[in-house]
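Novice: Structure below; questions to follow.
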There are 2 protein chains.
Amino acid sequence: MNIYGGIEAGGTKFVCMVAGGPEDVREEIRFPTTTPDETIGRSIDFFRQHLPLKAVGVACFGPVDLNPLSPTYGSITATPKPGWSNTDITGRLHAALDLPVAFDTDVNGAALAEYRWGAARDCDPVLYLTIGTGIGGGCLINGKPMHGLVHPEMGHIRLPRDPKVDPYPGFCPFHGDCFEGLAAGPAMRLRWGQPAETLPVNHPGWELEAHYIALALSDLVCTLSPKRIVLGGGVFDHPGLIERVRVSVQELLNGYVQSPTILEHIDEYIVRPGLAGRAGVLGAIALAMEM
Amino acid sequence: MNIYGGIEAGGTKFVCMVAGGPEDVREEIRFPTTTPDETIGRSIDFFRQHLPLKAVGVACFGPVDLNPLSPTYGSITATPKPGWSNTDITGRLHAALDLPVAFDTDVNGAALAEYRWGAARDCDPVLYLTIGTGIGGGCLINGKPMHGLVHPEMGHIRLPRDPKVDPYPGFCPFHGDCFEGLAAGPAMRLRWGQPAETLPVNHPGWELEAHYIALALSDLVCTLSPKRIVLGGGVFDHPGLIERVRVSVQELLNGYVQSPTILEHIDEYIVRPGLAGRAGVLGAIALAMEM
């Protein structure tokens with residue numbers, strides 16, 4: 001039985017796991033993201049206690065360099081997070097542990113884990129979208145996580161906004177009212193003057209939130225044609241939100257995509273993660289297994 | 001040397017080719033798309049004159065069924081084109097020729113041909129987008145054309161439209177002002193009361209057209225992260241259009257996607273097809289080769 005290390009490297013916390021798979025988790029620790037030296041150092045110390053490992057995977061907050069031919073492959077690039085720009089994560093792990101290190105975005109890792117073990121088993125392509133402080137999307141397609149010129153930045157697609165209905169101009173410093181600018185946590189807080197989780201169940205903010213998420217999903221259906229869409233992030237704990245999103249996606253596509261999956265079984269198409277809060281770190285384990 | 005048959009099956013015309021590759025074209029014929037019996041019959045007659053062939057590829061107008069497990073795999077499904085709904089193209093070809101038949105969308109075929117031999121050589125992912133009577137997009141990603149629940153329908157993503165600048169509500173019968181509804185040939189004709197090709201070079205319609213195309217491309221860059229974008233369709237013969245699109249994509253992304261390819265070399269990133277009018281039928285040849 002091969003055992004792997006996995007790091008879900010987030011901007012707020014790191015989760016490190018040693019496992020042979022989701023049914024064979026040997027140990028898991030969580031700690032806050034502080035400086036790169038301290039945070040990566042704690043990860044290395046943890047894995048050193050569990051050697052031998054076959055490989056280590058990192059599912060990382062971005063932006064990251066995923067180009068294997070680039071001199072900065074395996075690094076976090078220009079991030080607003082203080083101290084973390086140009087941090088060579090894979091290089092540090094490899095130097096300290098002398099193990100192969102797999103590296104991808106947090107959302108690509110989560111897509112892979114949900115595909116292997118979660119709510120999107122054997123669904124290729126699978127889209128994993130998470131909504132929190134920011135919005136990120138990952139996709140497994142033709143058997144592999146989706147990379148390209150850089151990596152997808154699905155939070156930054158442009159959505160139609162009717163200023164008469166929603167005068168809030170969006171908070172994205174680059175694009176104003178892109179998807180993230182309109183629908184991530186800070187947008188709800190700034191638009192309504194209170195955090196999303198304090199808005200009453202029937203506050204009109206939830207209808208608007210469902211509308212923007214559904215606009216983005218209908219675009220992503222038209223572009224990627226995923227076989228399943230997994231929605232991560234605490235916002236979907238809000239009662240009724242995912243149901244509103246499903247109905248709105250059907251209304252927006254308006255029968256154009258003639259698939260029974262969308263027309264008749266949308267509750268099995270747009271779903272919550274099967275791995276719950278572990279999709280990220282199990283994604284890192286899955287990345288290590290794919291090496 | 002293996003020789004293949006290829007069909008670019010379009011709603012207006014069929015192009016059939018027998019070739020070993022783009023440098024080894026044995027014969028090519030074109031004829032108008034009439035009834036399925038007549039049009040597919042002419043294709044079969046043509047290939048019969050050139051047997052033996054190793055396989056036949058079809059790059060087809062849509063919507064099509066690409067699911068190999070479906071009973072209607074290889075068919076055109078519900079098309080507005082009279083007489084063509086539920087036409088089993090691969091079944092008819094296979095029955096008549098007793099050859100393996102590859103089948104995909106016209107734009108996926110073109111993406112594959114541009115990747116193998118054209119303007120996007122070895123660029124994975126590559127996005128091929130064509131603008132004509134309708135708008136279609138294909139993509140080669142992780143080594144293969146992109147399929148999914150159905151196939152991409154990139155012409156139907158939603159774009160922001162400012163009614164003060166553009167009161168035209170779009171012509172898409174499903175979505176009104178989606179990308180196709182705002183930017184395909186009929187939209188230009190209906191908005192300005194004359195066909196696009198008769199609009200003067202400096203008519204404001206061209207600036208608006210560039211804006212909508214750039215909005216769509218910036219969304220597709222954020223979603224697919226293509227390494228190159230190939231733009232097909234006669235509209236790009238208009239002087240200055242592709243240049244305006246490039247500038248507008250840079251402005252819309254606003255430095256967010258930190259790649260020198262976009263920031264400094266966008267003229268090598270957003271390009272015309274290398275195979276010109278043959279991308280479609282060579283795509284069909286390439287599909288046959290991939291079997």
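Novice: Take every residue in peptide A:133-143, count the Cβ atoms of other chains within 10 Å of its Cβ, and give the average of those counts. Let's see the in-between values first.
Specialist: Numbers: counts 0, 0, 0, 0, 2, 0, 4, 1, 9, 11, 3.
Taking the mean over all residues of the peptide, I get 3.
Novice: Viscosity 0.890 mPa s, temperature 25 °C: what is the translational diffusion coefficient of the stretch A:121-272 from Stokes-Einstein with a Kirkwood Rh over Cα pairs, rounded to a whole number of µm²/s?
Specialist: Numbers: Rh = 15.8 Å.
The Stokes-Einstein estimate is 156 µm²/s.
Novice: Taking amide H atoms as placed 1.01 Å from N in the peptide plane, list the residues 5 or more away in sequence, or in a different chain, whose amide H sits under 5 Å from that of residue A:172.
Specialist: HN-HN under 5 Å from residue A:172: A:178, A:181.
Novice: Let me ask something else. What is the P(r) of the protein assembly as shown, as percent of Cα-Cα pairs per 20 Å bin from 0?
Specialist: Binned Cα distances yield the sequence 21, 52, 25, 2.
Novice: Another one. Using a 1.4 angstrom probe on heavy atoms only, work out the carbon and sulfur share of the accessible area of the protein assembly as shown in %.
Specialist: Details: 11710 of 22700 Å².
Within the protein assembly as shown, the accessible surface is 52 percent carbon and sulfur.
Novice: Quick one: angle between helix B:36-48 and the longest Cα principal axis of chain B, in degrees between 0 and 90, rounded to 10, please.
Specialist: 60 degrees
Novice: A further question follows. Given a 1.4 Å probe and no ligands, DNA or RNA in the count, how much accessible surface is buried by B and A, both sides, to the nearest 100 Å²? Please report the intermediate quantities before stating the final value.
Specialist: Numbers: alone 13220 and 13200 Å², together 22700 Å².
Using a 1.4 Å probe on protein heavy atoms, the buried area is about 3700 Å².
Novice: Shortest first and in nm with one decimal, please list how far the residue B:121 label point sits from its counterparts in the other copies (point 7 Å along Cα→Cβ).
Specialist: 4.6
Novice: Would you work out if the stretch B:168-253 is rounded, prolate or oblate? Take a ≥ b ≥ c from the square roots of the eigenvalues of the alpha-carbon gyration tensor; rounded if a/c is under 1.5, else prolate when a/b is larger than b/c, oblate otherwise.
Specialist: Details: a/c = 1.98, a/b = 1.28, b/c = 1.55.
Oblate, since a/c reaches 1.5 and b/c is not below a/b.
Novice: Also: Among A:13/A:54; A:144/B:54; A:144/B:144; B:144/B:227, which pairs are too far apart, with a Cα-Cα distance over 21 Å?
Specialist: Going by Cα-Cα distance, A:13/A:54; A:144/B:54 fall outside the 21 Å limit.
Novice: Above 15 angstrom, tally the Cα pairs of the stretch B:210-291 and express them as a % of all pairs, no decimals. Provide the component values of the computation, followed by the final result.
Specialist: Values: 1979 of 3321 pairs.
That tail contains 60 percent of the Cα-Cα pairs.
Novice: Placing +1 at every Lys and Arg Cβ and -1 at every Asp and Glu Cβ, with all other atoms neutral, what dipole size does the stretch B:121-272 have around its Cα centre, in debye to the nearest 20?
Specialist: Result for the stretch B:121-272 is approximately 220 debye, rounded to the nearest 20.
Novice: Let me ask something else about it. Can you tell me what the convex hull of the Cα atoms of the stretch B:1-111 projects to on average, as an area in nm²?
Specialist: Computing the convex hull of the Cα atoms and averaging its projections yields 6.7 nm².
Novice: For the stretch A:38-65 and the stretch A:68-144, what is the centre-to-centre distance using only Cα atoms, to the nearest Å?
Specialist: Each part's Cα centre sits 13 Å from the other's.
Novice: Can you list the equivalent-ellipsoid semi-axes of chain B, largest first and in whole Å, using the square root of 5 times each Cα gyration tensor eigenvalue?
Specialist: Details: eigenvalues 217, 91, 57 Å².
Each semi-axis is √(5λ); the values are 33, 21, 17 Å.
Novice: Next up: Which part of the stretch B:116-134 falls in the paramagnetic zone of residue A:290, meaning amide N under 15 Å from the point 7 Å along Cα-to-beta-carbon?
Specialist: Within reach of a label on residue A:290, which here means backbone N under 15 Å from a point 7 Å along Cα→Cβ, the stretch B:116-134 contributes B:125.
Novice: On to the next question. Remind me, what semi-axes does the stretch B:108-200 give for its equivalent ellipsoid, largest first in whole Å, using sqrt of 5 times each Cα gyration tensor eigenvalue? Show your work: numbers first, answer last.
Specialist: Values: eigenvalues 175, 49, 20 Å².
Here the semi-axes work out to 30, 16, 10 Å.
Novice: Now, a different point. Counting only other chains, what is the mean number of Cβ atoms within 10 angstrom of the Cβ of each residue in peptide B:252-262?
Specialist: Numbers: counts 5, 4, 7, 1, 9, 7, 5, 4, 1, 2, 2.
Counting other chains' Cβ atoms within 10 Å and averaging over B:252-262 gives 4.
Novice: Shape call for the stretch A:149-195 from the C-alpha gyration tensor, a ≥ b ≥ c root eigenvalues: rounded (a/c under 1.5), prolate (a/b greater than b/c) or oblate?
Specialist: Working: a/c = 2.74, a/b = 1.60, b/c = 1.71.
Because a/c hits 1.5 or more and a/b fails to exceed b/c, the stretch A:149-195 counts as oblate.
Novice: List, largest first, the extents of the alpha carbons of the stretch B:54-180 along their principal axes, each in whole Å.
Specialist: Its Cα atoms span 58, 38, 23 Å along the three principal axes.
Novice: Taking chain B as the reference, fit the longest principal axis to its C-alpha atoms, fit the long axis of helix B:241-253 to the helix C-alpha atoms, and give the angle between the two in degrees, 0 to 90, nearest 10.
Specialist: Between the helix axis and the principal axis of chain B, the angle is about 70 degrees.
Novice: Give the calculated FRET efficiency between residue B:77 and residue B:30 to the nearest 0.05, with a Förster radius of 30 Å applied to their Cβ-Cβ distance.
Specialist: Working: r = 25 Å, r/R0 = 0.83.
Computed FRET efficiency for residue B:77 and residue B:30: 0.75.
Novice: Moving on. Using DSSP, restrict attention to beta bridges with both residues in chain B and report what percent are antiparallel, rounded to the nearest 5. Each step should come with its number before you reach the end.
Specialist: Numbers: 26 of 43 bridges.
If I count the DSSP bridges inside chain B, around 60 percent turn out antiparallel.
Novice: Just tell me which lysines come within less than 28 Å, Cα to Cα, of residue A:164; anything on the same chain fewer than 8 places away is out.
Specialist: Filter leaves B:164.
Novice: Around residue B:186, with a cut-off of 14 angstrom between Cβ atoms, what is the net charge of the other residues, counting Lys and Arg +1 and Asp and Glu -1? Don't skip to the answer; put the middle values down first.
Specialist: Values: positive: B:189, B:191; negative: B:177, B:180, B:197, B:209.
Around residue B:186, the surrounding residues sum to -2.
Novice: What share of all Cα pairs of the stretch A:51-129, in percent, falls into each consecutive 5 Å distance bin?
Specialist: The percentages, shortest bin first, are 3, 15, 20, 20, 18, 14, 9, 1.
Novice: Now for a different question. In deg cm²/dmol and to the nearest 500, what is the mean residue ellipticity at 222 nm of the protein assembly as shown if only DSSP H runs of at least 4 residues count, each as -39500 (n - 2.57), divided by the residue total?
Specialist: Details: 20 runs with 201 residues, N = 582.
Taking each H run of at least 4 residues, the total per residue is -10000 deg cm²/dmol.
Novice: Report, for residue A:265, each distance to the same residue's label point in the other copies, shortest first and in nm; define the point 7 Å along Cα→Cβ.
Specialist: From this label point to the equivalent ones elsewhere in the assembly: 4.5 nm.
Novice: Which residues' amide hydrogens lie under 5 Å from the amide hydrogen of residue A:232, considering only partners 5 or more residues apart or on another chain, with H built in the peptide plane?
Specialist: Under 5 Å from the amide H of residue A:232: A:129, A:130, A:131.
Novice: Taking the Cα centre as origin and putting +1 on Lys and Arg beta-carbons and -1 on Asp and Glu beta-carbons, what dipole magnitude results for the stretch B:1-143, to the nearest 20 debye?
Specialist: Values: 10 positive and 16 negative charges, 32 e Å.
The calculation lands at about 160 debye.
Novice: Other chains' Cβ within 10 Å of A:157-166 residues: what's the mean?
Specialist: Working: counts 11, 10, 5, 7, 1, 2, 1, 0, 0, 0.
Whole-number average of other-chain Cβ neighbours for A:157-166 is 4.
Novice: What is the helix-to-structure angle for A:106-117, meaning the angle in degrees between its Cα long axis and the longest Cα principal axis of chain A, kept from 0 to 90 and rounded to the nearest 10?
Specialist: 90 degrees
Novice: Is there a quick way to get the dipole size of the protein assembly as shown? I mean about its Cα centre, with the Cβ of Lys and Arg at +1 and of Asp and Glu at -1; what is the value in debye to the nearest 20?
Specialist: Working: 44 positive and 64 negative charges, 2 e Å.
Magnitude of the dipole: close to 0 debye.
Novice: Let me ask something else about it. If amide H atoms are built 1.01 Å from N in the plane of the peptide, which residues on other chains or at least 5 residues away come under 5 Å of the amide H of residue A:57?
Specialist: A:5, A:6, A:7, A:102, A:288
The values are calculated or read from the model by the stated rules, or taken from the named source; none is laboratory data. In this text the structure is predicted, and so the values were computed from the model without any measurement. Cβ: placed from backbone, ideal geometry, glycine included. Neighbour counts: every protein chain shown. Side chains included, ligands, DNA and RNA excluded: accessible areas come from the protein's heavy atoms. Shrake-Rupley method; radii C 1.70, N 1.55, O 1.52, S 1.80 Å.
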